[in-house]
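The values are calculated or read from the model by the stated rules, or taken from the named source; none is laboratory data. Because the structure is predicted, anything quoted here is derived from the model rather than measured. Cβ coordinates were reconstructed from backbone atoms using ideal geometry, including for glycine residues, and neighbour counts include every protein chain displayed.
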Amino acid sequence: MALLDESKFGAMEKWQQISLVLCIFGFLKEFRPSEPFVFQYLTGAESGYNVTVEQVVQDVFPIGTYSYVAQLVVVFLITDYFRYKPLIIVAGLAGTVVWSMFVLARSLGALQVLEVFYGTYMAAEIAYWTYIYAKVDRRHYQKVTSHIRSATQAGRFVAATTSQALIYSGATGYLGLNYISLGAQLATTVWAFMLPPVPASMYFHRQEVPTDEETDLPKPQSTCSRASELLWAHFKTAYTNFTVIRYSLWYSLAVCLYYQITSYVQALWSEIGGPDTMLWNGAVEAILTLAATRTTTLMASYAGYTLFGVLHAFSITLVSAEIAKHISDDSFALVFGINTMAGLVAQTLLTLAIVDSDGWFALDVRGQFSVYSVSFVTIGVLFGVFALVELGKSRRGNTAS
C-alpha cells in the first residue's frame, strides 16, 4: 500500500510528492508533547512508577543509550538491504510500543524494557533519512532534506508549544501528554505504510548505472560482494580525505554531547527548580527549535540551553555542508550514518563512565554537566588550533603568490 498517486497531487512533480509525504511523516513522528516533561512524569506521583531521580538518571536513561547504539549498528547494515520502508514502519511500531508502555507500565523493570524499544525507535530513524537518497534524484537532495528538516522541527515546535500550553493552563497532566504522544505515534505508523516503496537502494539493490568510483571495481556475482565492494570504495574515498576526517570528528563529538545534554537536562532543571516550581520545559524546547551547570536560577539554565541549542543547530549545519562538499552524492547516507554511529559510541562510553550507577564514576547530575562543559571547551580549543593553523597556511600561501 502506497499513498503516492500523481492524480492526487495535481501538478506536483514526483520528487515534490515524495517530499510532501515524508514531511507529513516527519511532523507526526516528532509530535511528542510528552517529551519536554518526561522526567517530571516518571518521577512524579501521576505515573505510578515509584522511581527515584537517581534511578531514572542512572538506571533507566542509560539503557536507552546502550540500546540505541547497539541497534543502530544492525539497522545501519540491514536498512539498505530491506529497502528502507520496512524499517520506517518498524520506527512507527516501536514508537507505539514505547508510548503505550509510558501509559500502561508501572515498574522500574518495565521502564528499562521501554528504553530498549526507545533505542529501536531512535535507531530506525536512520531509514527515514536514507530513504531520501534512494528515492529522490540527487539533483533534489538539498531541497528535500531542507523540507524534511523544517517539517521535523515544526513537529517538535508544535509539540513543545502544545505541551507547555496544556500544562500551564491545567487542561491536562503529564499522563494526558503521553496519551497525545501515543496517538501521534499510531498516526505515524499508519502513515508509514502509505510511503511509496523503493525499487532500488544505494548498495544491495542498486540500479546498474556505474559512477566514476565504480568503473574500476571488479564485478562479483554475489549481490553482497558487490555491495561490500561499493561500501568499501565509498568509505575509503571519504575517510582518506583529511577535511572529511576533521569535520567528521567534530560532527561525532558534537552529536555525542548534544544527545547527552538533551537526554539529561530535564534532571538538571528538576534539581535547580525543586518540586514546587512551575516548569517551562515545553516553552524552552519550543524556543530551541525556532532558533549552566553552576547556576541556581532556573531561567538562566533555560537561557543557556536555548543558546546552546541554537549554536549547535547552526554549527552542525555548516559542518554537514563542509563534509558534503568533499564526498560523492552516493555516499551521503554512509558517511553521515558512520559519523552518527561514532557519536553514539562516544555517548555510550561517556554514559558508562559518568552516568550509569554501575559505571566508573556515577556522578550526580551537576557533576555530569560539569564534565560536558569541560568537554565542549576542550573541543573548542582543539578546533580553534586547527583553524589557526589553516589561517597561517592560507596567509603564507597568499604571501608566496
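One line per residue, one yes/no per condition, for (1) basic (Lys, Arg); (2) over 28 Å from Lys135 (Cβ atoms):
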{"position": "Lys14", "(1), (2)": "yes, no"}
{"position": "Leu28", "(1), (2)": "no, no"}
{"position": "Val57", "(1), (2)": "no, yes"}
{"position": "Gly64", "(1), (2)": "no, yes"}
{"position": "Val74", "(1), (2)": "no, no"}
{"position": "Arg83", "(1), (2)": "yes, no"}
Checklist entry - surrounded by 18 or more Cβ atoms within 10 Å (Cβ to Cβ), in a helix (DSSP H, G or I) and modelled with pLDDT of 80 or more, is that true of Ala283? => result no
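For every residue, the table says whether it meets (1) at pLDDT 80 or above; (2) part of a helix (DSSP H, G or I); (3) of a type outside the set (D, E, K, R); (4) loosely packed, with under 10 Cβ neighbours inside 10 Å.
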residue	(1), (2), (3), (4)
Leu344	yes, yes, yes, no
Gly359	no, no, yes, no
Ser375	yes, yes, yes, no
Val385	yes, yes, yes, no
Arg395	no, yes, no, no
Next on the checklist: Going by what's in this entry, would Ala184 be described as crowded, with 19+ Cβ neighbours inside 10 Å, in contact with a Lys or Arg (Cβ under 7 Å, 6 or more places away or on another chain) and not hydroxyl-bearing (Ser, Thr, Tyr)?
Outcome noted: yes
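Looking at the range 58-102, which of its residues are of a type in the set (Ser, Thr, Tyr) and part of a helix (DSSP H, G or I)? Quick ask: steps written out before the conclusion?
Keep residues of the range 58-102 that are of a type in the set (Ser, Thr, Tyr), which gives 65-68, 79, 81, 84, 96, 100.
Passing the criteria: Thr65, Tyr66, Ser67, Tyr68, Thr96, Ser100.
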Checklist entry - Which condition breaks for Pro275 when tested against (1) farther than 30 Å from Leu166 by Cβ; (2) surrounded by fewer than 17 Cβ atoms within 10 Å (Cβ to Cβ); (3) at pLDDT below 85? => result (1)
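Within the range 35-57, track down each residue that is of a type in the set (Asp, Glu) and part of a loop (DSSP other than H, G, I, E, B). Spell out how you get there, then give the answer.
Step one: of the range 35-57, the residues of a type in the set (Asp, Glu) are 35, 46, 54.
The answer is Glu46, and nothing else.
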